[in-house]
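Trainee: Please see the structure below; I have some questions.
The values are calculated or read from the model by the stated rules, or taken from the named source; none is laboratory data. For clarity, every value in this text was computed on a predicted model and none was experimentally measured. Because the Cβ atoms are built from the backbone with ideal geometry, glycine has one as well, and the counts that use them run over all protein chains shown. Areas reflect the complete protein model, heavy atoms only, side chains present, ligands, DNA and RNA absent. Shrake-Rupley method; radii C 1.70, N 1.55, O 1.52, S 1.80 Å.
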Amino acid sequence: MSLAVTGYRARPGLGLPGLVRRHWPLLPLAATVLLLLAPLPAGDATTSGKVGPADAASLLLALVCAVQALRGRVRELTPLGVLVLGAPGVGLAVATMTAGDPYAALPGFVRYLQVFVLVPAAVVLLVRDAAEFRLAAGCFVVLALVQGAVGVVQYATHTGASYQGEDIRAVGTFGPGDVMGMATVVAYGLVVATAAALAPGLPQRVRRIAGGCALVLVVPLVLSFSRGAWIATVGAAVLVMVLAGIRRALTVLAALAAAGVVLVGGLGVGSEMVAERLTSITQVSSAPDQSVTDRYTMWAAAESMWRERPAVGVGLKGFPAHRDGHASLGLSSGSDTAGAGQAYVRQPLLSPHNMYLLILSEQGLIGLTALAGGWAALLVAGLRRLASGAAGVRDCGLIATGLFVWQLTDFLYADIGGPSTVLTGVIIGLAAWWALPSRGAAGSGSGTALGVGAGVGAPRRAPDSAVASGAGSRGRAPGVAARR
């Protein structure tokens, strides 16, 4: 996205090098998002247990955060912030130590710690103000546009993943082994673009560009044939529209409806298959297909595991080992994957495809309270801050709330897994940044170190995410002054 989108105007003597010097701690955050553009190696149908480029960038992000914390250049969290961000670590430690095989649970502990503790905390501590928040959000839109373009080409040229006997399913660079990957990142970008298009404080040109991006991203999302992503996107987008104002919501809904009619009805973009996929959403109880039957069966197995050990669960990474002992005979042996340059592979079903049930079965009530309880607190605090007004940074609130609601809704149909999992941590971090103003922040409307369209050298209010000890002066280019 352009500098104008993030709230900057080009000024002599600043330019890209100056922006890099000023915001260099955010480079690992941008890399965590944008490195998901890197394609998976051909024939790699699964990424379970593998560390990808985005994961490596997220670890660098945590390291940079630790260095900046030692230098006293991060936010000062409130006690509530420390509790919400730190409690999951305690729950994860308990689930690991009480597992039947703690050594087998250790990789799960590291993965959960990365996604639900380290990455969110690094985002909260390093993102200083609204301008840096917008930079991070803009990376989601860039990622979505590129992955979506790849997905549309795959559908048009029949080079996508196999779907109903044809290689037409848009999966981007994630491949058929992670069919939810492209749908997830495209949905993220669509939610960000929708929120920016509706934000009252952004320039009109920025809102128009964001609205155009949102309409464009509808196409690859439809062609992903992902029912869970569709449901989560509709829910998050409607909430963002309502929070932005009824009049704006009606305008955007009308535009989206018109685009849908043109794309699916007029141009015939997968009309039959899309209609069949939409119809199947209403048939999950009356006439479920095999994928839905498998999901119901694994949900029942997860509940049975929890009843066996209600407090601590069966241990991290314990679901696959206990699945057959709790699942009924209706569970199939796996799902078929092929296409997008990869040979046919039968993938085993190793999770319940419901994040809440996965946590409950593997970590019990202790883990679910620590994780889901913190998410509920962030959602309530974020909505309260939005309701309070938050003048000048309302777009950040709409983006953070929209992304977070999308993730919480998607967790009803999916769980963590695949390269895009690391973005879950980034989204939780952005939601926490919005919901948990730093200690000493001057009200809910603070946090605009750079107002939309403001000059870099213009007088500013104290940044919402700056530390009173001087974090607001971190890494500035020579001659770029900051006044409080």
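Trainee: Amide H neighbours of Tyr163 under 5 Å, counting only residues 5+ apart in sequence or on other chains, H built in-plane at 1.01 Å?
Mentor: Ile168, Arg169
Trainee: Using only the alpha-carbon atoms of the range 350-392, report the extent along each of the three principal axes, biggest first, to the nearest angstrom.
Mentor: In descending order, the Cα extents are 45, 20, 11 Å.
Trainee: Here's a follow-up. What does the highest-first list of 93-106, 161-174, 300-313 look like by mean Cβ count within 10 Å?
Mentor: Ranked from most to least packed, the peptides come out as 161-174, 300-313, 93-106.
Trainee: So how do 215-223, 356-364 stack up, highest first, on mean other-Cβ count within 10 Å?
Mentor: On the way: 215-223: 24.0, 356-364: 26.3.
Top of the packing list down: 356-364, 215-223.
Trainee: Return the Rg/Rh value of the range 139-189, two decimal places, where both radii are evaluated on C-alpha atoms and Rh is the Kirkwood radius.
Mentor: Values: Rg = 10.2 Å, Rh = 10.5 Å.
Result for the range 139-189 is an Rg/Rh of 0.98.
Trainee: Now a separate question. Which of the trypsin sites (Lys or Arg not before Pro) found in the range 58-99 are loop residues per DSSP with 15 or fewer other Cβ atoms within 10 Å of their Cβ? Mind dumping the intermediate values first?
Mentor: On the way: sites: Arg71, Arg73, Arg75; in loops: Arg71, Arg73, Arg75.
Qualifying residues, ordered by number: Arg71.
Trainee: Still on this structure, I have one more. In whole percent, and with a 1.4 Å probe on the protein chains, what portion of the accessible area of the range 143-196 is carbon and sulfur? Don't skip to the answer; put the middle values down first.
Mentor: Working: 920 of 1430 Å².
Roughly 64 percent, rounded to a whole number.
Trainee: Give, to the nearest whole percent, the P(r) tail of the range 107-217 beyond 20 angstrom, counting all Cα pairs.
Mentor: On the way: 3305 of 6105 pairs.
Distances greater than 20 Å cover 54 percent of the Cα pairs.
Trainee: To continue, here is another question. If you roll a 1.4 Å probe over the heavy atoms of the protein chains, what accessible area per residue do you get for the range 65-160, in Å²? Don't skip to the end; give the middle numbers.
Mentor: On the way: 3620 Å² over 96 residues.
For the range 65-160, the per-residue accessible area is 38 Å².
Trainee: Multiply the residue gap between His158 and Ser328 by 0.36 nm, knock off their C-alpha separation, and tell me the result in nm, one decimal place. Let's see the in-between values first.
Mentor: Working: separation 170, 0.36 × 170 = 61.20 nm, distance 3.67 nm.
Net length gain for the segment: 57.5 nm.
Trainee: Further question on the same structure: Got a number for carbon plus sulfur as a percent of the range 204-254's accessible area, 1.4 Å probe?
Mentor: Details: 1610 of 2260 Å².
Carbon and sulfur together cover 71 percent of it.
Trainee: Here's something else I'd like to know. For the range 158-218, max minus min Cα coordinate along each principal axis, in Å, sorted largest first?
Mentor: Principal-axis extents of the range 158-218 (Cα, largest first): 46, 17, 16 Å.
Trainee: With the convex hull built on the Cα atoms of the range 376-425, state its orientation-averaged projected area in nm².
Mentor: Details: hull surface 15.5 nm².
Mean orientational projected area (the range 376-425, Cα hull): 3.9 nm².
Trainee: In whole Å and largest first, what semi-axes does the C-alpha gyration tensor of the range 58-176 yield when each eigenvalue is scaled by 5 and square-rooted? Don't skip to the answer; put the middle values down first.
Mentor: Values: eigenvalues 253, 118, 22 Å².
The equivalent ellipsoid of the range 58-176 has semi-axes of 36, 24, 11 Å.
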